[in-house]
Amino acid sequence: MNEMTPPKTERAAALKGLGSARKRVEDARFTQGKGNYVDDLKMPGMLFGDFVRSPYAHARIKSINADKAKAIPGVVAVLTADDLRPLNLHWMPTLAGDKQMVLADGKVLFQGQEVAFVVAEDRYVAADAVELVEVDYEELPVVVDPFKAQASDAPVLREDLEGNMEGAHGPRRHHNHIFTWEQGDKDATEAVVGSADVVAEEMVYYHRTHPCPLETCGCVASMDKVNGKLTVWGTFQAPHAVRTVASLISGIAEHNIRIISPDIGGGFGNKVGVYPGYICSIVASIVTGVPVKWVEDRMENLMATAFARDYWMQGKIAATKDGRITGLWCHVTADHGAFDACADPTKFPAGFFNICTGSYDIPTAYLAVDGVYTNKAPGGVAYRCSFRVTEAAYFIERMIEILALKLDMDPAELRAKNFIRKEQFPYQSALGWEYDSGDYQTAWDKALKAVDYEGLRREQAERVDAFKRGETRKLIGIGLTHFTEIVGAGPVKNCDILGLGMFDSCEIRIHPTGSAIARLGTISQGQGHATTFAQILASEIGIPADDITVEEGDTDTAPYGLGTYGSRSTPVAGAATAMAGRKIRAKAQMIAAYLLEVHDDDVEWDVDRFVVKGAPQRFKTMKEIAFASYNQAIPGVEPGLEAVSYYDPPNMTYPFGAYVCVMEVDVDTGEADIRKFYALDDCGTRINPMIIEGQVHGGLTEALAIAMGQEIAYDELGNVKTGTLMDFFVPTSWETPYYTTDHTVTPSPHHPIGAKGVGESPNVGGVPAFSNAVHDAFRTFGLTHTHMPHDHWRIWKIAHDLGLHG
Amino acid sequence: MSKMQINITVNGKKQELLAEPRELLIHVLRERLGVTGPHVGCDTSHCGACTVDMDGKSVKACTVFAAQANGADITTIEGLGGPDGLHVLQQMFKEHHGLQCGFCTPGMITRAYRLLQEIPNPSEEEVRFGMAGNLCRCTGYQNIVKAILAAAAELNAAKEAAQ
């Protein structure tokens, strides 16, 4: 090393690579109001679209009269299914292999369904016109209960499927049945359950809710008739998939479609699907020849686009007397609403719900999921979780608690007794997954110690005694969770959406002066990709993260990828980034060796440069190599320094965590104060601890919302009872507790940098932690299980039903 | 619909425009004046993404008619920074990772700007209560609260130093 070379550690720190709590590059524009969200777009001549929506959950449409609406000055068009039929766009394919009405074709199947699309010069005029479209409905019997939907005399909801008993995922056994999906060994599991020492059985319902990002869904479609190009700016979590699907259903050649996801104001799964507003805006732009903007309002968002969960999970968990789990049986009735629009990989109509054996070594298991149509909004998206993983985690973490009650065993001890042990990885689960790595016991011990678990149990017991003596009206609940996620879909061999393999990609160009641009097939919705992907690259190619621009979301410039959801960006696109970086480094090595006049094998990588082995004073920095790559003729080496990687992961990644929630529950008011929340996450290699911590805080708060009050509720007529932020619970800073975060690091053995993904873990693990705390507060008074969300009234009702109100 | 003459000052600049009586301030700002920092996140005044400062008070611009704002002095996120650079709150939100998707951030910072004038040295509890009209779906608020407390400390230190 010559005198001018700073030490390794100093050079590494200057890169702000892996492990650096680098401040976010996105923040400069967002803190100054200079973000560029879809509703900020304004174009010459732009029109506004707005929907006429059904007030009924199930009704036949006898007629639609738009004459009065069209008579208002400024109204340009009113589209109905009849206008879309000649284009064959009155229905569209869903991501789950079903189809969905774009505009009501003969009947409506849920409240808020799109019936007609008004196009006007101004959003106020469009809203006026919506009011004046006259739709004559004939009400039909409504089915909101997925069990009643399967009765032999239940009304036929999907008349378009009548007589078609073969669905996208196998046979249908009833006119409102969508699919049955089975995993595991039924006979063996039933035998184990039938002969076990102890069996705990329960119906665990995970209620319907909604991702509700602060920015709703929307788009601006612009058909340029001069050059035949369609550009759509929109809130798309998967812009390339949208391009391909748009091409397939519209017949417009894919090279003539450009999809741009600008800044996205949160997604959480809401922005994965394809919605009628996108199709209608595109058609309206083609018809009118000018750009058309459609942005849904909050009520439309909550009523019509992308619900989540709604799983009725019947479970049986079998164990020996001393608490060794021997089998798990589960049957799910999945309420998919009026159209099966779940965003799951094709072969997984219930997502990765078969991760429901959780963190435990359960030798025998069986799972069956029945998807059912009802008169509710379509969706079934993964709300801040990998596909149906949060349902699975909630199910197993409730079943464990219920089993602990039955065994009269401490639930922490029961978990520890059944963990998959460190030496069992890679672990084959009874329901078909190969868990990549984990060290559950270490995480568990750390968590219990950090919260002084034994001390908490003592305090809880003392509190129960004081309550019984009439000295207090507050009980303490200790909510435990040890969850295992499955993210990073996924290997193309078994994961695709509508036939599109779920690889992802990164393309890097190094500029002659040694800075770089990287483009990816993913799209940030707040995760900070521009910050963290630059960090991965900085460590791989020795160029400071500050000198690397990261771009995503424009299908004309970014390489093809399947987008951002299911915590797949870091496991898949992050891996592609590292691999593309390694290609750059391989070429840089040849260039460096040439410049240093040694053999390729005689140089070695040193943070930000190649040095001659044994002669560290002889080196070429990446900056020098970049310049030479463009400007020096090197025999046998193409000019330039670029690389692209399409990464097909060999396996999913399996992040895990241990959470403890300590809650004080007021028996008389039903209020629940979160006194402490400790979250230990193991997401493998940590790229940016600041961003990880932020993701955990946010995911936990969404979990708090879901567990403690947030739901999309319907009455018996299919009216949405929680269609605004007045009724749909989104916690404020006031209700949200302080979180303590912690971590262990168990790298993924198959990911190039060992990272596993973290964005969704806190939602997956948080919901059972909050819910278990509520249950735990009442466990000594005989509560086995009660349904979420645990709002004040429901908690009060628990206490009341247990006779605690005297 | 007949239009009314509206005179407002936005971020120090006088603006004259014609607006329908039913037109909301948020739409006048965003669509007529191109001030797109404040956002629309709900229809019911719950989310606070549209928060602006009107005559020294935090208001939700989706719940104010442009006509009600006639003659008012309005500051939005775009008007908080000065010629010397960013406002301390803007710096602290970045420093403490008080934002993720950024959609709530303009309203959040604009509300915090007023909160720190109402309560210059707030406790954590006062910040949590004072910010409860602004929803964030990404951060869980912890780092927002941290950023606001840090900004308060910095502003107070600067004030003390000036005295």
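Structure data summary
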| quantity | calculated |
| --- | --- |
| Long-range amide H partners of B:Ala72 with built H, under 5 Å | B:Thr9 |
| For the range B:67-80, 3J(HN,Hα) per residue [Karplus equation, 6.51 cos²θ - 1.76 cosθ + 1.60, θ = phi - 60°, Hz, x = Gly/Pro] | 4, 6, 8, 4, x, 7, 9, 10, 10, 10, 3, 5, x, 7 |
| Between the range A:194-215 and the range A:402-465, the Cα center-to-center distance that results, in Å | 19 |
| Trypsin sites (Lys or Arg not before Pro) restricted to the range A:381-423 and DSSP loop, no more than 13 other C-beta within 10 Å | A:Arg421 |
| Stokes-Einstein D in µm²/s, Kirkwood radius over Cα pairs - the range A:398-540 at 25 °C with 0.890 mPa s viscosity | 120 |
| Label zone at B:Met4 (point 7 Å along Cα-to-Cβ), backbone N below 20 Å, the range B:21-42 | B:21-33 |
| Helix-derived mean residue ellipticity, 222 nm - over chain A, DSSP H n ≥ 4, -39500 (n - 2.57), to 500 | -8500 deg cm²/dmol |
| Tail beyond 20 Å, pair distance distribution of the range B:81-162 (Cα, percent) | 24 |
| Within chain B: Cβ-based charge dipole about Cα centre, in debye rounded to nearest 20 (Lys, Arg +1; Asp, Glu -1) | 320 |
| At most 16 other Cβ within 10 Å, DSSP loop - trypsin sites (Lys or Arg not before Pro), the range A:659-765 | A:Lys721 |
| For A:Gly167, distant residues with modelled amide H under 5 Å away | A:Arg172 |
| 5 angstrom amide H check on A:His511, placed H, neighbours 5+ away | A:Ala516, A:Ile517 |
| Table column - 3J(HN,Hα) (Hz), the range A:466-478, Karplus curve with 6.51, -1.76, 1.60, x for Gly and Pro | 5, 4, 5, 7, x, 8, 8, 10, 10, 10, 9, x, 10 |
| Size of charge dipole - the range A:714-774 - debye, nearest 20, with Cβ of Lys, Arg +1 and Asp, Glu -1, no other charges | 260 |
| ³J(HN,Hα), Karplus 6.51/-1.76/1.60, whole Hz, each residue of the range A:36-41, x for Gly, Pro | 10, 8, 4, 6, 7, 6 |
| Positive-end residue, the range A:255-400 charge dipole about Cα centroid, Cβ charges, pick of A:Phe387, A:Pro276, A:Pro291 | A:Phe387 |
| Virtual spin-label span in nm between A:Asn494 and A:Lys676, 7 Å along Cα→Cβ | 4.0 |
| Cβ charges +1 (Lys, Arg) and -1 (Asp, Glu), total dipole of the range B:81-162, debye | 300 |
| Estimated inter-spin distance, A:Ala416 and A:Trp734, nm [label 7 Å along Cα→Cβ] | 4.1 |
| Label-to-label distance, nm, for residues given as A:Thr9 and A:Glu201 (7 Å Cα→Cβ offset) | 6.2 |
| Per-selection metrics, the protein assembly as shown (Cα): Rg and Dmax in Å | 28.4, 91 |
| Extension reserve of the A:Ser515-A:Thr780 stretch, reckoned as 0.36 nm per residue once the Cα distance is removed | 89.1 nm |
| Selection from B:Gly130, A:Pro749, B:Gly85 lying farthest towards where the dipole of the protein assembly as shown points positive, charges on Cβ | B:Gly85 |
| Gain on full stretching of the segment that runs from A:Glu131 to A:Ala21 - 0.36 nm per residue minus C-alpha separation | 34.4 nm |
| Paramagnetic label zone (point 7 Å from Cα along Cα-to-C-beta, B:Arg32; backbone N under 17 Å) in the range B:72-90 | B:72-76 |
| The range A:742-801 versus the range A:302-377: alpha-carbon centroid distance in Å | 17 |
| At R0 = 51 Å, FRET efficiency that the Cβ-Cβ distance of A:Asp445 and B:Thr44 yields, to 0.05 | 0.65 |
| Förster-model FRET efficiency, 22 Å R0, A:Lys148 and A:Asp801, C-beta, rounded to 0.05 | 0.30 |
| Shape call, the range B:59-126: gyration tensor on alpha carbons, a/c limit 1.5 | prolate |
| Alpha carbon centroid spacing (whole Å) that separates the range A:115-143 from the range A:1-74 | 27 |
| Translational diffusion coefficient (Stokes-Einstein; Kirkwood radius from C-alpha pairs) of the range A:54-184 at 4 °C, 1.567 mPa s, in µm²/s | 78 |
| Listed residues A:His169, A:Val204, A:Tyr435: farthest to the positive end of the dipole of chain A (Cβ charges) | A:Tyr435 |
| Alpha-carbon Rg with Dmax, taken over the range A:486-579, Å | 13.1, 42 |
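Read-outs: derived from the displayed coordinates by stated rules, not from any lab. Source: prediction; values computed, not measured. As a convention, Cβ positions derive from the backbone with ideal geometry for all residues, glycine included, and neighbour counts pool all protein chains shown.
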